[in-house]
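Contents: one structure, followed by commentary.
What follows is calculated from the coordinates using simple rules that are stated; it is not laboratory data. Every value quoted in this text rests on a predicted model; they were computed, and no experiment measured them. Don't worry about glycine lacking a Cβ; one is built from the backbone with ideal geometry, like all the others, and counts go over all protein chains shown.
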Amino acid sequence: MLKLYNFFRSATSQRLRIALNLKGLNYEYVAVDLRKNEHSSAAFKAINPQGLVPALVDEDRVLTQSVALLEWLEERYPEPALLPSDLNDRAQVRALAGLVGCDIHPVNNKRILDMLRKNFGADEVAINRWCGTWIGDGFDAYEAHLISDSKRQGFSFGHTPTLADVYLIPQVESARRFGVDLSRWPLISEVVFHCEKLDAFKRAAPAVQIDAA
């Protein structure tokens, strides 16, 4: 069985949980508590020297970095597909995923926020403003992409979940946590509505994980 080292509130971990659920794969949930800096422990760094979650163990192979992990899952377990069959459509889905994974998430992750608090004296109001700025800019662009896609049917692309939704929904969870008002993005809100009705997304939500207490 696959073993997933992750943290309930980690957006990158949630991506993996969603993808694993969408593909119907069972996995062992191994909690790494970022609040207690367990990701910096020698025990976890023996698994992932970078000290980041998620990490996925497949038999004796350790895989890291959510982007690589999601691509590996798509190649190793191609059905149901999270990328369209058409070359140009795949590029569109990957662009939406990259918008979140490359342009929004990295400037709002724990390491950045800890640095802002420790070295620059940012309080929680400033942290929320910082996160809200980058989430807002990114979601404005994401919404524009959705508006321009006349073939879209409920999800970020087409009528079934794709890799784009796998990236978007965890970022929406972060937006809620940082007090971002999602009402200004009606199409993103529509995508969220459709995704959150699906069991794969429900079971991956941070609040229902074993380490969420």
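Remarks
- Full extension of the chain between residue 42 and residue 115 gives 24.1 nm of extra length, using 0.36 nm per residue less the Cα-Cα distance.
- Positive-end extreme of charge dipole, the chain - chosen from 82, 19, 145 (charges on Cβ): 19
- Sequence-distant contacts, meaning Cα pairs under 8 Å at least 6 residues apart, place the relative contact order of the range 87-201 at 31 percent.
- Net charge dipole, the range 106-213: roughly 180 debye, given to the nearest 20, about the Cα centre with Cβ charges of +1 for Lys and Arg and -1 for Asp and Glu.
- Segments 113-119, 97-103 sorted - mean Cβ within 10 Å per residue, highest first: 97-103, 113-119
- In percent, rounded to a whole number, the relative contact order of the chain is 26, using alpha-carbon pairs under 8 Å and six or more apart.
- Residue of 91, 164, 55 that the Gaussian network model of the chain assigns the largest fluctuation, springs spanning Cα pairs under 10 Å: 91
- In the chain, the DSSP-assigned H stretches of four residues or longer account for a calculated mean residue ellipticity at 222 nm of -15500 deg cm²/dmol, using -39500 (n - 2.57) per stretch and the full residue count as denominator.
- Put simply, the C-alpha atoms of the range 2-80 give a gyration tensor, and the ellipsoid matching it has half-axes of 21, 13, 10 Å, longest first.
- Relative contact order [Cα under 8 Å, 6+ residues apart], the range 2-80, whole percent: 37
- Applying a DSSP loop filter and a limit of 15 other Cβ atoms within 10 Å to the trypsin sites (Lys or Arg not before Pro) in the range 1-56 leaves nothing.
- Annotation: extensible slack from residue 148 through residue 33 equals 37.4 nm (criterion: 0.36 nm per residue apart, minus Cα-Cα distance).
- Positive-end residue, the range 58-172 charge dipole about Cα centroid, Cβ charges, pick of 157, 91, 127: 127
- Filter on 110/202; 45/197; 23/118 - keep pairs with C-alpha separation over 30 Å: 45/197; 23/118
- Residue with peak Gaussian network fluctuation, the chain [Cα springs, cutoff 10 Å], from 24, 132, 154: 24
- Estimated at 0.36 nm per residue, the fully extended path between residue 181 and residue 87 surpasses their Cα-Cα distance by 30.4 nm.
- Projected onto its three principal axes, the C-alpha set of the range 87-201 covers 46, 27, 26 Å, listed from the longest axis down.
- Computing FRET efficiency as 1/(1 + (r/R0)^6) for residue 72 and residue 123, where r is the C-beta to C-beta distance and R0 is 41 Å, gives about 0.55.
- In the chain, the DSSP beta bridges split such that about 60 percent are antiparallel, to the nearest 5.
- Counting beta carbons within 10 Å around each of 18, 104 and listing the fewest first gives the order 104, 18.
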